[in-house]
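As structure tokens, the structure follows; a few thoughts come after it.
The values are calculated or read from the model by the stated rules, or taken from the named source; none is laboratory data. Since the model is a prediction, treat every value here as computed from it, not as a measurement. So basically every Cβ, Gly included, is an ideal-geometry build from the backbone, and we count neighbours across all protein chains shown.
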Amino acid sequence: MRRQTISIRGLCAFIFLLFISFHPIRSVEKDVNNSLIIPKESFASPTEILYKKLDLEDKLDFSIFERAYKGLQNLSAKNKNILTIVDFTVPSTEKRLYTIDLENKKLLFHSLVAHGRNSGDKYAKTFSNINGSFQSSLGFYVTENTYQGGNGYSLVLNGLEPGINDLAKQRAIVIHGAAYANESFITSTGRLGRSFGCPALPQHINRPLINTIKDGTILYIHADDADYLANSDIIKPEHNTTRLADQSSVEDEAIL
């Protein structure tokens, strides 16, 4: 009986040693006061984790990405894997458009983008939803069809926010390429050229970018604008539906 007990104990000891060899006990980091240190990453939200995986930390402020991403969740769109953000807190001399593949966690485009003539000089500071204002409009849009117009290959934008950008079609606020939206223009004038309100792109990137985001993806145009923050329903938690403008599209004319 004694020999059998020793054998059982030996077997148990062997199993325990085998277990810890495959499951090593992890050391726990502590501070100078012997208090447990919990890694900061343990508190990261899913949005923060996504932001880091996209490697946006030195390119786009997290608060702007978070607002755009949360807005996307509140909207109905045909393709929610692609999100485009324009950050008008950045001067026109710097790249401030970001097209993101959320499914594959990749930044597809990081580009210059023009703002409206009457929104400001180097910075876009004022915004309007009024036809003839020649200002940019903030907020969320859904992309629609493409067409060949006076500014070449263009993409129709449908403004989703009543009173903020829902007159986008009536105002012909579309994405198109422009000869004034490039580094050469910045070198000669100290700023990017300006449109009648359209987010105009460098011509060499216009077609591939449009083809990536057309037909039902979300565009968010951001600025630190108190009126927008106070009036946008999409960025409020209770918002869970989208309104679509139903207006015909006309062309935007480029202006320097």
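Out of (1) in contact (Cβ under 8 Å) with a residue 12 or more places away in the chain; (2) hydroxyl-bearing (S, T, Y); (3) farther than 19 Å from S232 by Cβ; (4) out of contact with any strand residue (DSSP E or B) (no Cβ under 8 Å at 6 or more places or on another chain), the odd one out for S45 is which?
With respect to (1) in contact (Cβ under 8 Å) with a residue 12 or more places away in the chain; (2) hydroxyl-bearing (S, T, Y); (3) farther than 19 Å from S232 by Cβ; (4) out of contact with any strand residue (DSSP E or B) (no Cβ under 8 Å at 6 or more places or on another chain), S45 is out only on (1).
Looking at (1) within 17 Å of L219 (Cα to Cα); (2) not in a loop (DSSP other than H, G, I, E, B), which is the only condition K52 fails?
Result: K52 passes all but (1).
Residues of segment 168-189 being in a loop (DSSP other than H, G, I, E, B) and of a type in the set (A, V, I, L, M), which ones?
A168, A172, I173, A179, A181
Given I64, I82, which one is modelled with pLDDT of 95 or more, more than 18 Å from L209 (Cβ to Cβ), in contact with a strand residue (DSSP E or B) (Cβ under 7 Å, 6 or more places away or on another chain) and surrounded by 15 or more Cβ atoms within 10 Å (Cβ to Cβ)?
Working: I82 fails: more than 18 Å from L209 (Cβ to Cβ).
Criteria check complete, one pass: I64.
Just to be sure I understand the filter: pairs with C-beta atoms under 6 Å, separated by 6 or more residues or on different chains, first member in segment 80-93 and touching a residue at least 12 places away in the same chain (Cβ under 8 Å), second member assigned to a loop (DSSP other than H, G, I, E, B) and among the aromatic types (F, W, Y). Which pairs pass?
The qualifying pairs are P91/Y123.
Identify the single condition in (1) under 13 Å from the mean Cα position of the chain (by Cα); (2) not in a helix (DSSP H, G or I) that S76 does not satisfy, given that it satisfies every other one.
(1)
It is to be established whether one or more residues within segment 111-124 are touching a residue at least 60 places away in the same chain (Cβ under 8 Å) and aromatic (F, W, Y).
Looking for residues that are touching a residue at least 60 places away in the same chain (Cβ under 8 Å) and aromatic (F, W, Y), one finds none in segment 111-124, hence no.
Using beta carbons and a limit of 6 Å, which pairs, at least six apart or on different chains, have the first residue in segment 136-152 and modelled with pLDDT of 95 or more and the second one outside any strand (DSSP E or B) and among the aromatic types (F, W, Y)?
If the second residue must be outside any strand (DSSP E or B) and among the aromatic types (F, W, Y), the pairs left are S136/F127; S137/F127; L138/F127; L138/Y228.
Just a yes or no: is a residue in segment 187-194 charged (D, E, K, R), touching a strand residue (DSSP E or B) at 6+ places or on another chain (Cβ under 8 Å) and surrounded by fewer than 19 Cβ atoms within 10 Å (Cβ to Cβ)?
There is no residue in segment 187-194 that is charged (D, E, K, R), touching a strand residue (DSSP E or B) at 6+ places or on another chain (Cβ under 8 Å) and surrounded by fewer than 19 Cβ atoms within 10 Å (Cβ to Cβ).
Read through the list (1) in contact (Cβ under 8 Å) with a residue 40 or more places away in the chain; (2) buried (at least 21 other Cβ atoms within 10 Å of the Cβ); (3) farther than 15 Å from S133 by Cα, then give the number of the only condition that G177 fails.
(1)
Please state which of the following conditions L192 fails to meet, knowing it meets all the rest: (1) closer than 14 Å to S92 by Cα; (2) out of contact with any helix residue (DSSP H, G or I) (no Cβ under 9 Å at 6 or more places or on another chain); (3) not in a helix (DSSP H, G or I).
Here L192 meets the rest and fails (2).
Name, by its number, the condition in (1) part of a loop (DSSP other than H, G, I, E, B); (2) β-branched (V, I, T); (3) in contact (Cβ under 8 Å) with a residue 40 or more places away in the chain that does not hold for I100.
All conditions are met except number (1).
Quick check: is even one residue across segment 219-226 surrounded by 19 or more Cβ atoms within 10 Å (Cβ to Cβ) and either on the phi > 0 side of the Ramachandran plot or β-branched (V, I, T) (or both)?
yes
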